[in-house]
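First up is the structure itself, then whatever we jot down about it.
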Amino acid sequence: MALKQVVSRCITPVMTSTRNIASMTKHTKDPHAFAVISSTLGLVSVVHVCQPKGWFKQFVDDEPVVAFSCFLGLLGFLLPVVVVPMRRNMGLDTSQYDGKEAH
């Protein structure tokens, strides 16, 4: 079997199921959200490779204020990914996030 046929058999069901899910949830493609998610996943993968096992528990025990500060920073980093799609689904204004004039 040719490689092209194998790839099309594996990829096509995934692509159609993704389209169906997207049409059911009425989500739009958001480049800002993609940038935030990919940056967060990159950060997590680098930390996972560089730090020894159990580093997070030791970090929280040794430096609780710094750990809480990191948590608040990550929360602020991820809020646009969660809040903006919710506002769009409710029909509220997201012009500041999109860089457009208010309607």
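The values are calculated or read from the model by the stated rules, or taken from the named source; none is laboratory data. Computed from a predicted structure; not experimentally measured. Note: ideal-geometry Cβ built from the backbone for every residue, glycine included; neighbour counts use all protein chains shown. The accessibility values were calculated without ligands, DNA or RNA, using every heavy atom of the protein model including side chains. Shrake-Rupley method; radii C 1.70, N 1.55, O 1.52, S 1.80 Å.
Residues in region 61-79 that are under 24 Å from the mean Cα position of the chain (by Cα) and farther than 18 Å from Ser39 by Cβ: Val66, Ala67, Phe68, Ser69. Of the helices (runs of 4 or more DSSP H) lying entirely inside region 44-103, those carrying at least 3 residues that are open to solvent by 70 Å² or more (accessible area, probe 1.4 Å), without any contact (Cβ under 8 Å) to a residue 60 or more places away in the chain and of a type outside the set (D, E, K, R) are 55-62, 64-90.
When Lys4 is tested against (1) assigned to a helix (DSSP H, G or I); (2) modelled with pLDDT of 65 or more; (3) exposed (fewer than 10 other Cβ atoms within 10 Å of the Cβ), exactly one condition is not met: (2).
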